[in-house]
1. Based on DSSP H runs of at least 4 residues, each adding -39500 (n - 2.57), what is the mean residue ellipticity at 222 nm of the chain after dividing by all its residues, to the nearest 500 deg cm²/dmol?
2. With bins 10 Å wide starting at 0, give me the P(r) of the chain over every alpha carbon pair, in whole percents.
3. So how far, in whole Å, is the C-alpha centre of segment 244-297 from the one of segment 210-238?
4. In terms of the Cα gyration tensor, with a ≥ b ≥ c the square roots of its eigenvalues, is segment 19-186 rounded because a/c is under 1.5, prolate because a/b exceeds b/c, or oblate?
5. DSSP beta bridges in the chain, what fraction antiparallel, as a percent rounded to 5?
6. How would you rank 251-260, 47-56, highest first, on the average number of other Cβ atoms within 10 Å across their residues?
7. Taking 30 Å as R0, compute the FRET efficiency from the Cβ-Cβ separation of residue 297 and residue 207 and round it to 0.05.
8. Sorted by mean Cβ packing within 10 Å, highest first, what order do the peptides 146-159, 223-236 take?
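Quick note: the coordinates plus some simple rules give every number you see, no bench work behind them. Just so you know, these numbers come straight off a predicted model, no measurement behind them. FYI the Cβ positions are ideal-geometry reconstructions off the backbone, even for glycines, and counts take in every protein chain you see.
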């Protein structure tokens with residue numbers, strides 16, 4: 001079983017198994033065997049033929065049973081059975097069931113377990129799960145995916161946080177996954193994922209809104225090509241810094257452009273809720289420009305803009 005105290009001579013801190021013999025001494029158990037559980041099991045099995053894998057799900061349809069059979073995942077009859085035969089328990093249910101899943105597993109957890117939550121939940125729920133797990137003496141880690149499983153497979157870039165984050169990252173990395181440990185704050189990984197979601201989902205919403213307008217005007221392909229030419233020219237981080245920092249000193253002009261777009265396309269009967277929200281943000285940038293022009297020069301880093309906005 002997993003043990004936080006076994007670090008000395010086995011060549012791999014925090015885990016009670018030797019790397020050279022890990023496949024016979026470690027079992028990963030999935031609570032929830034949907035897309036993530038199946039994808040992870042496939043990759044882990046291909047990379048580690050003798051690794052112990054188990055799963056419990058409230059619904060075992062034909063597809064899930066076939067996947068469990070193909071990747072040699074032992075089907076547990078209950079959460080209790082899963083926990084008792086696993087060293088590392090990974091909760092991969094839907095977010096709304098995360099706390100209930102932790103409560104179901106808690107009575108069977110002990111100091112020999114590492115419990116990881118992989119669901120898409122916010123910081124407050126993560127902290128609640130951390131308390132549930134800690135009350136049983138087990139280690140807890142929040143594991144958040146920083147990409148799409150469909151695109152990356154089981155090697156999807158991920159981050160972990162919490163008291164068990166370093167152990168979890170070391171364990172999963174040794175099995176071929178891509179996991180970085182952030183810190184001991186259990187909610188850090190969840191916060192990072194939700195910050196990404198704000199941007200990624202915001203981009204989707206803005207893209208749809210923009211392309212609907214473009215299509216209505218018969219220039220959809222041309223707009224996509226023009227945007228691609230701009231974004232393909234420089235690295236994302238450089239582009240992000242340039243756009244945010246320059247907006248701190250050119251907010252009035254850019255806000256005026258947004259106003260023109262809202263007025264023009266509003267005449268087409270399009271509500272443009274994302275663009276209107278963008279205009280609100282540029283309103284704050286206009287206030288910033290009027291109060292702190294940065295000497296007419298774009299700030300050198302994002303932090304300067306964000307700090308200045310806090311003072312507006």
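1. Counting only the DSSP helices, I get -16000 deg cm²/dmol.
2. Computed distribution, short to long bins: 6, 22, 25, 18, 16, 11, 2, 0.
3. Taking the Cα centre of segment 210-238 as reference, the centre of segment 244-297 is 19 Å away.
4. It is rounded, given that a/c, with a ≥ b ≥ c, falls under 1.5.
5. 15 percent
6. My ranking of the peptides, most packed first, is 47-56, 251-260.
7. According to the calculation, E is roughly 0.45.
8. Packing proxy ranking, top to bottom: 146-159, 223-236.
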